[in-house]
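Encoded as C-alpha cells, the structure appears first; notes follow it.
The values are calculated or read from the model by the stated rules, or taken from the named source; none is laboratory data. None of the values given here were measured: they were computed from a predicted structure. Note: ideal-geometry Cβ built from the backbone for every residue, glycine included; neighbour counts use all protein chains shown. We work out accessible area using only protein heavy atoms, side chains counted, and drop any ligands, DNA or RNA first. Shrake-Rupley method; radii C 1.70, N 1.55, O 1.52, S 1.80 Å.
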Amino acid sequence: LLSLLAMEEEDRDSLEEEHEFVPFRERSGWEDVVPVPQDDGPTPVVPIAYPPHFVEVMDYFRALLSKDERSERGLALSEEVIGLNAANYTAWQFRRACLYALNKDLHEELKWASQIGKENPKNYQIWHHRRALVEKTRDPAQELSFCAEMVEEDSKNYHAWSHRQWIVKEFDLWSGEVDYTETLLEKDLRNNSAWNHRFYVLTHQYPPDEAVRKAEIAFASRYIQRAPNNESAWNYLKGWVRMAESPRSYDTIQELCNGVLQEYPDCRFALSVLVDSFEGEHTKLSLEKAVEICTHMVERADVMRAKYWNHRRQNLEEKARVAP
C-alpha cells in the first residue's frame, strides 16, 4: 500500500511539473471572485490533507457555483476541476450548463470528452456527460466506433456496453450489431458481454419469432460444441429456451444437452438447460425427468447450489402432481 501511495505521489508531482499551477491571484480576470472555502464544520474529525492547489481550485469553483455563473472562465475552471477529480459529478453538471449557455460546439466537446474517457474508461460521470451531449446534438455518428474502441481495451466495460445499447435503441442503429457480436465471439467465445448484447439486440429490435429462436439456438449450439463448459453460451441458450414455443425446439435442445452429457456427465450447464426444457414441455413425464436432474444436481453435479436445486425440485414436484 505504501509503495502504491508513493507511486501516486510521484505521478502527482510529475503532473504538477508538466502543468505548473498558476495561482488565481496571478490570473487575469479573476480579481472579482472571492473564494469560498470548504465547510467541514467547527470540529472536523479527520480533515483531508488536500494539496494547496487543489484547495484553491475548489474554493474558486465553489465561488462560481454559488453565483451560478455560466461563463468562459467557468467553463475553463470546470476543466481544471475535472482534471483534479474526474469523478466530480458537480463539475460535469456545471460544465454542461456553461456549454449550453455559451452555445459551444458540442461536437468539439465530444472530442475532448473522448480523450478524458480514454484516461478514465470506467468513470460514470464521463459516460453520462457523453450521453447528455448526444441527446442534445442528436448526432450519434461517432458513438459506436468509440464504444468499440473502449471494448477493444476492455471487453467487459459495462459503461461502454450500456452506452452502446442506449445508442442503438435511441437512434435505431440496429443494423450490423448482430454481426458485430459474432466478430467479438470469434475472438473470444467466453465474452459474456458480447453474448448479452446479441440477446439484447435480437429481443429489442423486434419481437423474435420462432425462426429467430431456432437460428439462435443453433448459433449457441455451435459455440457450446466448441467449448462445452463455457457458461456464457449456455446462459445465452437458456434465454432462448425460456422463450421457445415449438416442441421441436425442446427436442433440439435436449439432443444437444444429451450429446454433451455423454462426454461430460456432470456438466451442470447442460443439466440446468435440460431442467428448463423439461419444465417447458410441462408434461407429467417431462416434469418427473426434471425432478430427477435436480436430485442429481443436489447430490453430485452442483452441490454448491444445493439449496437452489432443492427449491427447484420442490416446485417441479408440485407441478408434476397436477400435470397431464
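See the values below:
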read-out: Residue that is farthest from LYS238 (Cα to Cα), among those in the range 279-324 that are charged (D, E, K, R) and within 33 Å of the chain's Cα centre (by Cα); value: LYS307
read-out: Within the range 162-202, considering residues that are part of a loop (DSSP other than H, G, I, E, B) and over 17 Å from the mean Cα position of the chain (by Cα), the one nearest to GLU135 (Cα to Cα); value: PHE171
read-out: Boolean, LEU189 is out of contact with any Asp or Glu (no Cβ under 7 Å at 6 or more places or on another chain) and closer than 26 Å to ILE126 by Cα; value: no
read-out: Tally of residues being in a helix (DSSP H, G or I), surrounded by fewer than 16 Cβ atoms within 10 Å (Cβ to Cβ) and either within 23 Å of the chain's Cα centre (by Cα) or at positive phi (or both) across the range 204-246; value: 2
read-out: Answer residue from the range 99-134, given it is within 16 Å of VAL151 (Cα to Cα) and among the hydroxyl-bearing types (Ser, Thr, Tyr) and is surrounded by the fewest Cβ atoms within 10 Å (Cβ to Cβ) among those; value: TYR124
read-out: Any hit, the range 276-287, residues being open to solvent by less than 40 Å² (accessible area, probe 1.4 Å) and farther than 19 Å from ALA323 by Cβ; value: no
read-out: Filtered residues of the range 193-238 (kept if farther than 25 Å from GLU255 by Cβ and either touching a residue at least 12 places away in the same chain (Cβ under 8 Å) or small (Gly, Ala, Ser) (or both)); value: SER193, ALA194, ASN196, HIS197, TYR200, VAL201, HIS204, GLN205
